[in-house]
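Okay, structure first, notes after.
Rule-based calculations on the coordinates, nothing more; no lab input. All of these numbers come straight from a predicted model, not from anything done at the bench. Don't worry about glycine lacking a Cβ; one is built from the backbone with ideal geometry, like all the others, and counts go over all protein chains shown.
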Amino acid sequence: MSSQPADSFVIWTDDQGDLQRTEVPVDALTIGRWSGCGVVLPHKDVGAVHVAVERTHVGARLRSLSRVKQAKVGGAVVSERELENGDQIGLGDQRLTYVEAPPIARSMMRLTMSRAANEIQVDLPVAGSITVLGRMEGDILVDDDSVSSRHLEIENFGPGLTWVRDLGSTNGSELNGEPLRGKRVPLREGDIITIGRVMMAVSEAGEPPEGVTSVVQRTVIFLPETAMA
């Protein structure tokens, strides 16, 4: 756990089958069938206002608000429960995931970036829980005109809780040769992400160095192989 409270989110599936991410606000996130809830799940097994996820000074807790519909965390029925990163919340047949996003991820990932065969690869450890890549905006700025100003987002909330999605870029993004089309897709070690002309191989990079508390914006510039001579 970070020394400062992490941002908290709920990952859930909408009616189109796409994963969505909703932040847990300071005044609590309500989840239920009612259209006024922060996360609306229009399913008969879900109560009108089924549960609330409330921020605490160290994380978040789930509180059941329905008198007739059960709420589960990790398969166990609960009325109130402190949540931990990766906890699975069950409301009827609906499944949601609670995640925390400290400024520095618990485990870093590495992007090995390349553009052309005659250029030097860039080996870049990525420390943030949420990392935006783009040509002009984001945590990692990629100096290539085929990359949109704000192109791609990588979420790294822990093992099994890593996703990637395109942010409406002009030239699109691919994961292992398949277009992302704006959907949030699971990201795994060994995957290849493509943004414009730039390819990135994904691998694990271990725990962040001691003393690192924030992410510094970095710029990636591709140089010809002869630049190292």
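The residue list Pro224, Leu62, Gly17 was ranked by how far each Cα lies along the charge dipole of the chain toward its positive end, using unit charges on Cβ atoms, and Leu62 comes out on top.
Ranking Leu41, Met199, Leu175 by Cα position along the charge dipole of the chain, where only Lys, Arg, Asp and Glu carry charges on their C-beta atoms, puts Leu41 farthest toward the positive end. In region 30-111, Rg over Rh equals 1.03, where Rg is the alpha-carbon radius of gyration and Rh the Kirkwood radius from pairwise Cα distances. Each residue, Thr213 and Glu178, gets one label point 7 Å from its Cα in the Cβ direction; the gap between the two is 4.2 nm.
Could you work out the local net charge near Asp166, counting Lys and Arg as +1, Asp and Glu as -1, over the other residues with Cβ closer than 12 Å to its Cβ? Intermediate values should be presented prior to the final figure.
Details: positive: Arg150, Arg165, Arg181, Lys183, Arg184; negative: Glu153, Glu174, Glu178.
In short, +2.
Peptides 11-24, 51-64 ranked from most to least packed give 51-64, 11-24, packing being the mean of other C-beta atoms within 10 angstrom over each peptide's residues.
In a simple Cβ point-charge model (Lys, Arg +1; Asp, Glu -1; nothing else charged), region 1-67 has a dipole of about 320 debye relative to its Cα centre. Dipole check for region 5-117: with +1 at the C-beta of Lys and Arg, -1 at the C-beta of Asp and Glu, and the Cα centre as origin, the magnitude is about 140 Debye. Each listed q (0.14, 0.16 Å⁻¹) maps to a log10 I(q)/I(0) for the chain, found by the Debye formula over equal Cα scatterers with no solvent: -0.91, -1.10. Here the scattering of region 91-184 is modelled by Debye summation over its C-alpha atoms, one equal scatterer each and no solvent; at q = 0.25 Å⁻¹ the log10 of I(q)/I(0) is -1.43.
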